[in-house]
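In what follows, a structure is listed as structure tokens, so that the remarks can point back to it.
The values are calculated or read from the model by the stated rules, or taken from the named source; none is laboratory data. What you see is a predicted model; the values in this text were computed from it and never measured. Cβ placement follows ideal geometry from the backbone for every residue including glycine, while neighbour counts extend to all protein chains displayed. Each accessible area value is taken on the protein alone, full model and side chains, heavy atoms only, with ligands, DNA and RNA left out. Shrake-Rupley method; radii C 1.70, N 1.55, O 1.52, S 1.80 Å.
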Amino acid sequence: MSMFKVFDVSGSAVSAQSQRLNVVASNLANADSVAGPDGQAYKARQVVFQTVLMGTVKPGESAAEGSAGVRVSNISEDQAPGRKIHQPGHPAADAEGYVTFSNVNAVEEMVNMISASRSYQNNIEVMNTAKSLLQKTLQLGQG
């Protein structure tokens, strides 16, 4: 694998984790919401990743020898029911006095945020290490 493919692979991961962080931020921002623009409670969204072949496969090289990256293939809504809290005085309460809130679990979203943030940081570190190795290689040629 070429050193330059490392940047492609890590770059795809950084982009995917950035999208994941945006989805987590949206989920956390709507964790206590009652109704969205459609009148329904907000549904938590989850990012689905997909492995993709990066670059082109050279003649005589199988697809398995190429490098693989990642991309966001889908952002799906969690279909779990929302939290129901008894608040009869609330304007969005149903006939029994229950208000349906979003199905966002703030603890799970914080774990997702930490995981995505660490993955993002690790891929940036991989790119910085590859850059440093390439710079040292060039310095060897000068010496």
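How many Å² of accessible area per residue for the chain, probe 1.4 Å?
65 Å²
Residues with beta-carbon under 14 Å from that of SER117, excluding SER117: net charge, scoring Lys, Arg +1 and Asp, Glu -1?
Charge balance near SER117 sits at 0.
Tell me which aspartates and glutamates have Cα within less than 19 Å of LYS43's Cα, excluding those fewer than 8 residues away on the same chain?
Excluding near neighbours in sequence, the set is ASP32, GLU77, ASP78, ASP94, GLU108, GLU109.
If you add up the charges near SER18, with Lys and Arg at +1 and Asp and Glu at -1, over every other residue whose beta carbon is less than 14 angstrom from its beta carbon, what do you get?
+3
Could you tell me which label, among (1) 37, 20, 14; (2) 46, 17, 9; (3) 35, 14, 13, carries the value of semi-axes √(5λ) of the Cα gyration tensor in Å calculated for this structure?
Recomputing semi-axes √(5λ) of the Cα gyration tensor in Å here picks out (2).
Projected onto the charge dipole of the chain (+1 at Lys/Arg Cβ, -1 at Asp/Glu Cβ, origin at the Cα centre), which of VAL107, ALA130, VAL24 gives the Cα projection farthest towards the positive end?
It is ALA130, whose Cα lies furthest towards the positive end.
Between SER117 and HIS90, how many nm apart are label points set 7 Å from Cα along the C-beta direction?
Roughly 2.8 nm, to one decimal.
Quick check on the chain: helices-only [θ] at 222 nm, where DSSP H runs of length 4 and up contribute -39,500 (n - 2.57) each and the sum goes over total residues. Nearest 500, please.
Numbers: 2 runs with 64 residues, N = 143.
Theoretical 222 nm ellipticity from helices: -16500 deg cm²/dmol.
Counting only protein heavy atoms, what percent of the accessible surface of the chain is carbon or sulfur at a 1.4 Å probe? Don't skip to the end; give the middle numbers.
Details: 5050 of 9240 Å².
Accessible surface attributable to carbon and sulfur in the chain totals 55 percent.
Could you state the angle between the C-alpha long axis of helix 3-29 and the longest principal axis of the C-alpha atoms of the chain, as a value from 0 to 90 degrees rounded to the nearest 10?
10 degrees
Mind pulling the angle between the C-alpha long axis of helix 106-142 and the longest principal axis of the chain? Nearest 10 degrees, somewhere in 0 to 90.
Here the helix axis deviates by roughly 10 degrees.
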